[in-house]
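Visitor: Before I ask anything, here is the structure I am working with.
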């Protein structure tokens, strides 16, 4: 078994010196800031549309691999919820089941402008 090549050694040193920060759930304030910041990157038309569908930010139950946790709903179009997924750090669209839990969802990391474009193109 030979020695570790220098470029791999550098990579190992970098990874071992990188601090991992513990994940912590988002707060309503965090989601308000993310939403406000990302609205600035939306077109004027998207911002106007968002204002029409926005709801007061609230926690909503989501099933993550059999565990009921929470996401933050920021807007609603009919039965479709637009929410911030703090585990994925992105926005997503989904419909809650009859018991009110979001069970079918992706693991997307969409920016708000991407979701707004989907809504403009009829996906909701």
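What follows is calculated from the coordinates using simple rules that are stated; it is not laboratory data. Predicted model only: the values in this text are computed from it and were never measured. All Cβ positions, glycine included, derive from the backbone under ideal geometry; neighbour counts span all protein chains shown.
Visitor: Fully extended, how many nm does the chain gain between residue 65 and residue 27 (0.36 nm per residue separation, minus their Cα-Cα distance)? Please report the intermediate quantities before stating the final value.
Guide: Values: separation 38, 0.36 × 38 = 13.68 nm, distance 2.17 nm.
Residue separation times 0.36 nm, minus the Cα-Cα distance, leaves 11.5 nm.
Visitor: Give me 114, 105, 67 sorted ascending by neighbouring Cβ count inside 10 Å, so fewest comes first.
Guide: Fewest to most other Cβ atoms nearby, the residues stand as 67, 114, 105.
Visitor: Work out, step by step, the length gained on full extension between residue 44 and residue 101: first 0.36 nm times the residue separation, then minus their alpha carbon distance; give nm to one decimal.
Guide: Extending this stretch completely gives an extra 17.3 nm.
Visitor: For segment 28-120, what proportion of DSSP beta bridges, expressed in % and rounded to the nearest 5, is antiparallel?
Guide: 95
Visitor: Moving on. Please state, to two decimals, what the Cα-based radius of gyration of segment 28-120 comes to when divided by 2.2 N^0.38 Å (N = residues).
Guide: Here the answer is 1.01, to two decimals.
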